[in-house]
Amino acid sequence: MSEKRLILKPNPPNRTLGVIFIVLFAIAFIFGIALLVFGKQANQFTYKNGIILYKVNNVQELEERIALYKYLNKYPLEVEPYLLKSLPKDFSNLPPTERKRLFIKVLIPIAVTVNMQFIQEHQMFEKIADKLKNYGRLSSIDKKILKYGYKKYKCHTLKGLLIKSGGVPVSLLIAQAGIESGWGKSRFAIYYNNLYGIHKKHPRPGDIVAHFKSLYDSTVEYILNLDRSPAYKRFRLARYRMGDYYNPYKLAEYLSLYSTKRLEYIKLIKNVITANNLTSYDRKFESIIVAEENIRQPNLE
């Protein structure tokens with residue numbers, strides 16, 4: 001009779017712990033990649049006044065982003081919350097035709113966004129004027145809004161505020177930006193974000209050009225300059241008389257003091273608008289304004 005041997009079998013490996021370890025490792029890896037990507041993207045965006053300013057390192061990245069907007073059908077027909085913060089350093093190296101094409105695409109959403117902000121302020125002041133005319137009294141909020149407007153536009157009457165506040169035709173804005181910056185080629189445009197040849201309020205010898213944190217900021221200052229400077233009083237009065245639809249060619253006639261070229265500068269602006277069909281963007285912007293008004297005042301019939 002043979003004896004039975006006691007055979008010790010090794011315990012089977014714990015597969016559950018192995019699977020858990022792999023899953024945890026994968027989660028940690030994905031989380032790390034997400035943090036890296038998010039951190040990189042976070043450094044590419046700046047938030048200001050309800051909009052997002054994005055950065056690019058070169059022209060290729062800029063082309064890719066604009067192509068993405070076109071694919072999403074949001075550019076340039078709608079107010080785009082993503083605006084280019086600064087032109088890439090290699091922008092000036094582009095051939096003239098390509099640089100102009102890309103410059104206009106960059107400026108359209110900036111022009112539309114900034115204009116919308118100024119026009120909405122003007123409409124806010126108009127509502128206060130209508131309320132005062134119909135009811136003869138204003139709320140405390142209305143008075144605070146007027147105080148804000150008087151300070152911003154440097155005036156002391158509601159009529160003066162209505163004349164001074166307002167936007168600039170998209171075509172006129174782009175034309176002047178293109179002329180003053182060489183369609184984005186000038187070092188002031190690339191390194192100072194100054195597209196409009198704006199001077200410092202207190203210039204020093206050899207340092208007269210203003211610096212801005214973004215293209216958005218310089219565009220806001222450009223419109224404020226036209227809205228407040230005594231040099232453009234006739235411009236503002238003509239704009240006020242035009243009502244809701246601005247004539248860029250007529251308004252250009254009141255910008256002779258913007259340049260030492262005077263009358264030649266006016267001709268140049270008009271030629272740039274015509275040659276590049278910039279008024280087509282005015283019509284698109286007007287359609288945006290109409291759409292915004294329809295949203296605020298729905299048809300209840």
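Looking across segment 225-246 at every residue that is touching a residue at least 24 places away in the same chain (Cβ under 8 Å) and assigned to a loop (DSSP other than H, G, I, E, B), the one that is nearest to GLY178 (Cα to Cα) is identified as TYR246.
The set of residues in segment 99-146 being under 27 Å from TYR82 (Cα atoms), without any contact (Cβ under 8 Å) to a residue 40 or more places away in the chain and charged (D, E, K, R) consists of ARG101, LYS105. State whether the residues of segment 133-143 include one that is in a helix (DSSP H, G or I), among the hydrophobic types (A, V, I, L, M, F, W, C) and at pLDDT 95 or above. The answer is yes, given that some residue of segment 133-143 is in a helix (DSSP H, G or I), among the hydrophobic types (A, V, I, L, M, F, W, C) and at pLDDT 95 or above.
Of all residues in segment 138-178, those that are in contact with a Ser or Thr (Cβ under 8 Å, 6 or more places away or on another chain) and either loosely packed, with under 15 Cβ neighbours inside 10 Å or of a type in the set (Phe, Trp, Tyr) (or both) total 1. The single condition among (1) assigned to a helix (DSSP H, G or I); (2) without any contact (Cβ under 8 Å) to a residue 40 or more places away in the chain that LYS201 does not satisfy is (1). Restricting attention to segment 210-224, the residues that are assigned to a helix (DSSP H, G or I) and closer than 21 Å to ILE190 by Cβ total 8.
The values are calculated or read from the model by the stated rules, or taken from the named source; none is laboratory data. Just so we're clear, the structure is a prediction, and the values are computed from it rather than from any experiment. Backbone-built Cβ (ideal geometry, glycine too); neighbour counts: all protein chains shown.
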